[in-house]
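> Structure incoming, see below.
We did not get these values from a lab; they are worked out from the coordinates using the rules stated. Since the model is a prediction, treat every value here as computed from it, not as a measurement. Cβ sites come from the backbone with ideal geometry, for glycine too, and all protein chains shown count toward neighbours.
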Amino acid sequence: MDRADADRPDAAAVRHQAASSARSCSEVTPSAARGGPISLALARVARLHRIAAGRFLKAAGLYPGQELVMMYLWDSGPVRQSELIKALEVDPSTVTKMLQRLEHGGYVRRSPDPADRRAVLVEATPGSCELHNAVASAWTDLEEHTLAGLGPEERAELAALLGKVEDGLCGLAQDCPAGGAEAAEECAPQEECPASPESTPSARSTSAAEL
């Protein structure tokens, strides 16, 4: 065999190496997602964020999504169930199941609307104040875990960029809620639960290793 032929890579080996490289590339970025790398990154981050949220909320006895229901009820006061579904933009059957579980836990009360007996009013119970503190603490820990690798300026920049992304996506959504400071002004809490020392970030923190 000629030395040049001996040094030449085997064609089958070359094809195998190329195929392996292609598979590795597709595992990192699926071929159909190569036109949207940022969208893919956001999807992955959202998935991991939801997993982390589930672990922090577990101590409060909640599943991801239930705390968003409670946050809305704590800040809005009694609302019709149809309004809650619209605000959360979640499937009605999913909201109904969440409300049933929260009601069973004593955190939510449902009653007929005096203005329309066909409608149902939903509100947070006075007994949910302890849960409010637990959710606030879990959300603070989740924030610190999520942004642990970013400095103050990077956090501010990320918040600004995500706000722009949200505004851009909002144009595709129906009945898009107001964002930022405008939403904060329109949704002031009617009756705020008192904060407890245990709910402050300095009194309680969860390390990434505990997740």
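> Over the range 36-140, one equal point on each Cα, no solvent: what is log10 I(q)/I(0) by the Debye formula at q = 0.15, 0.19 Å⁻¹?
Result of the Debye calculation: -0.66, -0.96.
> When only DSSP loop residues count, what GluC sites (Glu not before Pro) in the range 84-155 have their Cβ near at most 14 other Cβ atoms within 10 Å?
Counting only loop positions with at most 14 other Cβ atoms within 10 Å, the GluC sites (Glu not before Pro) in the range 84-155 are E89.
> Related question: By the scheme Lys and Arg +1, Asp and Glu -1, what is the net charge of all other residues having a beta-carbon under 14 Å from that of L150?
-4
> Starting from the amide H of V108, placed 1.01 Å from N in the peptide plane, find each other amide H under 5 Å away whose residue is 5 or more places distant or on another chain.
Sorted by chain and number, the residues that satisfy this are E103, T125.
> Continuing with this model, one more query. Through the Karplus equation 6.51 cos²θ - 1.76 cosθ + 1.60, θ set to phi - 60°, convert the phi angles of the range 56-71 into ³J(HN,Hα) values in whole Hz; use x for Gly and Pro.
So the J values, rounded to whole Hz, are 6, 6, 4, 5, 8, x, 10, 9, x, x, 5, 5, 5, 4, 5, 4.
> Another question about this same structure. Residue separation times 0.36 nm, minus the C-alpha to C-alpha distance between K86 and A115: what's the value?
That pair, K86 and A115, stretches by 8.5 nm at full extension.
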